[in-house]
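The values are calculated or read from the model by the stated rules, or taken from the named source; none is laboratory data. Here the structure is a predicted model, which means the values were calculated and not measured. Methodologically, a virtual Cβ is constructed for each residue, glycine included, from the backbone with ideal geometry; neighbour enumeration extends over all protein chains shown. Accessible surface is based on the protein model in full, side chains and every heavy atom, while ligands, DNA and RNA are left aside. Shrake-Rupley method; radii C 1.70, N 1.55, O 1.52, S 1.80 Å.
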Amino acid sequence: MEIKPLRVGSLLLSSNVLMAPLAGYTCLPFRILANELGAGLNFTEMASANSLKYRDIATKRLLLTSERSGKIKAAQLLGGNPAVMEAVAASEELGKFDIIDINMGCPVPNVFKAGEGCAMMLDMPRAAAVIRAVKKSGKVVTVKCRTGIKENDMFAAEFARMCEDAGADMITIHGRSRSMMYDGVPHYEEIAQAKAAVSIPVIANGGINSVSDAERVMEITGADGVMLARYALENPFVIRDLTGVPYEKSFLEVMLEQLSLALLYYDETFALRYVRCIAANGMKKRRGTKKYKEGLYRAGSVGELKEILELIFGEEPASAT
């Protein structure tokens, strides 16, 4: 695929390879890594507008950011109440962000039952009201959604038109319906139809696990860029492979740096939990590492975690991907 700058509203992203917001993973250290690997935009983890309204400390921590995570900063908000979303978008907590992404694609049951995430796709007037409300903040507003709710009833193009009409500056479409969750072959033809229906940038997401996958998805959809997600946890170097940014560190070096960054910005309990999760993803297709999994999760100190990381990833050459 052609890697190029991407205009989103009044902002110019450095590349059209984006890193998705992933709950429990895209904290500040991972966003710093993705930025170093060349991602044009890195979103915070999904933050609940209702929780921010009541100044929940844990939710505010999701919005921690730094210049090292990219010049252009993006936060993802979850919420279905236009008034609450308007207030939070204009709040001090969101003041340091240039872009607000509205989550209209989360498929998990508790979010859906609350009328948020994917449920917003079933109520386009309310979804439009939320977009207009967030636009009042003066920030660039993007939307992340799915192709629809059920696999036999998809309406990505119609939803994309609504988003554009309501003022969204970009839309990212996961190629699966809510019923598919994270499994099954994505319906890229739905993304293609949405791209043809609007003039704002459309980003393709879902099932992109390699450079060849990204090229194929771009060819099928005609999208303006791709958004990487869960595979980038397993192999963050896929971002580098797409963007061509020089980066020669090994996975072990990456893990140790992630640990150092997590300790710098968060407490030790969070840092240990986070790096254990990232390391577990990195182990998935590495031969001979299963024997270390129990030890990884039992590591209860920084020293113990470093030791097990050395055992898991220490033999990998610096150029490995």
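Accessible area per residue of the chain at 1.4 Å probe, in Å²? Can you show the working numbers first?
Numbers: 13430 Å² over 321 residues.
On a per-residue basis, the chain sits at 42 Å².
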Give the residue from Gln193, Val275, Ala262 lying farthest towards the positive end of the charge dipole for the stretch 167-316; charges sit on Cβ (+1 for Lys and Arg, -1 for Asp and Glu) and the dipole is referred to the Cα centre. Val275
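So which chymotrypsin sites (Phe, Trp or Tyr not before Pro) in the stretch 1-108 end up in coil per DSSP with only 15 or fewer other C-beta atoms within 10 Å? Write down the numbers at each step before the final one.
Values: sites: Tyr25, Phe30, Phe43, Tyr54, Phe97; in loops: Tyr25, Tyr54, Phe97.
Passing sites in the stretch 1-108 are Tyr54.
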Starting from the coordinates of the alpha-carbon atoms of the chain, obtain the Kirkwood hydrodynamic radius over all distinct pairs and give the value in Å to one decimal. 19.9
Take the alpha carbon atoms of the stretch 79-98, find their center, do the same for the stretch 175-241, and report the distance between the two centers in whole angstrom. 28
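Enumerate by residue number the trypsin sites (Lys or Arg not before Pro) in the stretch 110-212 meeting two conditions: DSSP loop (anything except H, G, I, E, B), and at most 12 other Cβ atoms within 10 Å of the site's Cβ.
Numbers: sites: Lys113, Arg126, Arg132, Lys135, Lys136, Lys139, Lys144, Arg146, Lys150, Arg161, Arg176, Arg178, Lys195; in loops: Lys136, Lys139, Arg176.
Qualifying residues, ordered by number: none.
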Can you give the longest stretch of the chain with no exposed loop site, where a site means GluC sites (Glu not before Pro) in a DSSP loop (not H, G, I, E or B) with at most 13 other C-beta atoms within 10 Å? 3-247
Determine ³J(HN,Hα), in whole Hz, for all residues of the stretch 104-111 in sequence, where each value follows from phi through the Karplus function 6.51 cos²θ - 1.76 cosθ + 1.60 and θ = phi - 60°; x replaces Gly and Pro. 10, x, 5, x, 5, x, 5, 6
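For the chain, which whole-number percentage of the solvent-accessible area (1.4 Å probe, protein heavy atoms only) is attributable to carbon and sulfur atoms? The partial results should precede the final answer.
Values: 6700 of 13430 Å².
With neighbouring chains kept in place, the figure for the chain is 50 percent.
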In sequence order, calculated HN-Hα J values of the stretch 173-187 (Karplus, 6.51, -1.76, 1.60; Hz; x Gly/Pro): 10, 6, x, 10, 7, 4, 5, 7, 6, 10, 10, x, 6, x, 8
Once amide hydrogens are built 1.01 Å from N within the peptide plane, the residues lying 5 or more places from Thr44 or on another chain with amide H under 5 Å from its amide H are Ala74, Ala75, Gln76
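For the stretch 234-321, state which chymotrypsin sites (Phe, Trp or Tyr not before Pro) are in a DSSP loop and have at most 11 other beta carbons lying within 10 Å of their beta carbon.
Details: sites: Phe237, Tyr247, Phe251, Tyr265, Tyr266, Phe270, Tyr274, Tyr292, Tyr297, Phe313; in loops: Tyr247, Tyr266.
Sparse-neighbourhood loop chymotrypsin sites (Phe, Trp or Tyr not before Pro): none present.
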According to a simple spin-label model (label point 7 Å from Cα along Cα-to-Cβ), what is the distance in nm between Val185 and Lys284? 2.0
Using a Förster distance of 41 Å, the FRET efficiency for Arg216-Leu263 (Cβ separation, nearest 0.05): 0.55
Inter-site label distance for Arg68 and Asp56 at 7 Å from Cα along Cβ, in nm: 2.8
Thr172 long-range amide H proximity, modeled H, under 5 Å: Val143, Lys144, Cys145, Ile203
Rounded to 0.05, the calculated FRET efficiency for the beta carbons of Glu310 and Phe270 at R₀ = 30 Å is 0.85
Return the Rg/Rh value of the stretch 1-130, two decimal places, where both radii are evaluated on C-alpha atoms and Rh is the Kirkwood radius. 0.97
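Would you mind checking the pairs Lys249/Lys293; Lys60/Lys293; Lys60/Lys113; Lys60/Lys291; Lys144/Lys249; Lys150/Lys195 and listing those with alpha carbons more than 29 angstrom apart?
Working: Lys249/Lys293 23 Å; Lys60/Lys293 31 Å; Lys60/Lys113 24 Å; Lys60/Lys291 37 Å; Lys144/Lys249 31 Å; Lys150/Lys195 20 Å.
As for pairs spanning more than 29 Å Cα to Cα, those are Lys60/Lys293; Lys60/Lys291; Lys144/Lys249.
According to the square roots a ≥ b ≥ c of the eigenvalues of the Cα gyration tensor, what is the shape class of the stretch 258-319, taking rounded for a/c under 1.5, prolate for a/b larger than b/c otherwise, and oblate for the remainder?
Numbers: a/c = 1.99, a/b = 1.55, b/c = 1.28.
Verdict is prolate for the stretch 258-319.
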In whole Hz, the Karplus estimates of ³J(HN,Hα) for the stretch 7-23 (6.51, -1.76, 1.60; θ = phi - 60°; x where Gly or Pro) are 7, 10, x, 8, 9, 10, 6, 6, 8, 9, 10, 10, 9, 6, x, 10, 4
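Which of the helices in the chain meet the span-like rule: DSSP H, Cα axial reach of 20 Å or more, Kyte-Doolittle mean at least 1.0? Can you show the working numbers first?
Values: long enough: 251-265 (21 Å, 1.39); 268-282 (21 Å, 0.32).
For the chain, where a helix must reach 20 Å along its axis and average at least 1.0, the hits are 251-265.
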So who's got an amide H within less than 5 Å of the one on Ser177, skipping anything under 5 residues away but keeping other chains? H placed 1.01 Å off N, in plane. Thr147
How large is the helix-only mean residue ellipticity at 222 nm for the chain, computed as the sum of -39500 (n - 2.57) over DSSP H runs with n ≥ 4, divided by its residue count, in deg cm²/dmol to the nearest 500? -12000 deg cm²/dmol
